[in-house]
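Everything below concerns the one structure shown next.
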Amino acid sequence: MFLRFEELIREWLNRYGLSGNFVMFFLKLIEIGAVILLAVIAYHIVKIIVVYIIHSVAKKTKTKWDDYLVKNHFFGRLSYFIPGYIFYLLLPMIFQDNPVTLKVTMLLVKIYGLVVLVWVINSFLKAAEDIYQTYEMSKIRSIRGYIQIVKIIVYTIAGILFIALLVNRSPLALLAGLGAASAVLLLIFRDSILGFVSGIQLAANDMLRTGDWITMAKYGADGTVIDVTLTTVKVKNFDNTITTIPTYSLVSDAFQNWRGMEESGVRRIKRAINVDMTTIRFCSPDMLKRFSRNPYLQEFIETNRSAMDRHHTLLEGDPVDHVQEFTLTNLNLFIVYMKEYLMHNEDISLDHTLMVRHLHPTDTGLPVEIYAFSKIQEWKTYEEIQAGIINHLLAAIYYFDLKVFQSPAGTDIRERKAGG
């Protein structure tokens, strides 16, 4: 076809007395233009007709994977192979009498095909990642790091093939030569290699998932994991800042993952009130009578009184008057009250550890600690529950003739001096 077309053009140009070289040049331009026009037309035909049909079918199917392939332009990018294939078939016919030009143009066509192939693979990998995100497993294990590893491998192979095309050598020969440069490659891809190995450890041991709340003081991270990549982990802190942590640091350093708390359905409350030890005393009969009117303390006081009375009858000799009043202190009763108050609080879980305990006495008083679990994990509500409990107990402590230890303020010192 091209030979017949060339003869017709040559005859037409000879009528006007044009030289042979000009004729050849003009013919080549026309032939190249015709090939380009054919490639463009073929590309648009495939893109408009075939791709349109595929997109229409994908919208009607119940499966989601084809929708994600369409979303990431997988089929559209496949159509870019059509112009390259046409050039690959027709250019040898045009430049069959010019080996140098044919070699250069075929090299460009092969490079074009390689670029399109990498482009298509990237679309497929992105679609695969999007499809994976639709499964519940994606909340447990992220594959973004593995996708990035595959992309690095694809880019590496494409780079080797590109160099092989330029130097007209076998790719295997180039791979053999890379052995000498392995140390340099390890240095260049150090973070990627460390990140890849760390990502496998994180996934295998289920140490980290997207959506986990983690705390890592070394990097100032305290928030939710929003992205896990090959080399970095992004954490959105509660102040809406973003902290980026190297993936390998999560394996080599310590970090706190709050997932266990979130999965348990409860959240721990661990707060202490420092009691002034000088206000702790045995309960007098009047105090016991007053406290026994409290519904949280009635049963405890009666049980304790009965037990001490039974014990007292077994003693020989004259009994000590009001021995029962020396068996209880106002702090004992306050602790009982604190525990009963927590047990009657509907926001506190009774299925988990609940206790009120003494800690080691300090120079700032005797810490009395609440150890319980809130049924509500949501941060704002949890803080409100915790604050409500502490506010109530700080107010109730004076009912038991106790005081909270508090360092004197400047106004206290001035008032003492003013009072002489």
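Structure values in brief
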read-out: Residue ranges of strands (runs of 3 or more DSSP E) in region 186-296 with at least 1 members over 25 Å from GLN133 (Cα atoms) and in contact (Cβ under 8 Å) with a residue 40 or more places away in the chain; value: 213-216, 267-275
read-out: Selection count where residues are more than 22 Å from TYR43 (Cβ to Cβ) and of a type in the set (D, E, K, R), scope region 74-104; value: 2
read-out: Selection from region 364-408 of residues that are part of a strand (DSSP E or B) and either surrounded by 18 or more Cβ atoms within 10 Å (Cβ to Cβ) or touching a Gly at 6+ places or on another chain (Cβ under 8 Å) (or both); value: GLY365, LEU366, VAL368, ILE370, ALA372, PHE373, SER374, VAL404
read-out: Index of the failed condition, TRP379 passing every other in (1) in contact with a strand residue (DSSP E or B) (Cβ under 8 Å, 6 or more places away or on another chain); (2) closer than 20 Å to GLY260 by Cβ; (3) not charged (D, E, K, R); value: (1)
read-out: Cross-chain or 6+ apart pairs with Cβ under 7 Å, region 333-346 first and in contact (Cβ under 8 Å) with a residue 60 or more places away in the chain, then surrounded by 18 or more Cβ atoms within 10 Å (Cβ to Cβ); value: LEU333/CYS283; LEU333/PHE291; LEU333/LEU297; LEU333/PHE400; PHE334/ILE397; PHE334/PHE400; PHE334/LEU402; TYR337/LEU297
read-out: Residue that is farthest from LYS403 (Cα to Cα) [pool: residues in region 288-335 that are modelled with pLDDT of 55 or more and charged (D, E, K, R)]; value: ASP309
read-out: Enumeration of residues in region 108-136 that are within 22 Å of THR232 (Cβ to Cβ) and of a type in the set (A, V, I, L, M); value: LEU125, ALA128
read-out: Residue ranges of helices (runs of 4 or more DSSP H) in region 41-119 with at least 2 members under 30 Å from ILE163 (Cα atoms); value: 74-78, 81-94
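The values are calculated or read from the model by the stated rules, or taken from the named source; none is laboratory data. Owing to the predicted nature of the structure, the values given are computational and were not obtained by experimental measurement. Cβ: placed from backbone, ideal geometry, glycine included. Neighbour counts: every protein chain shown.
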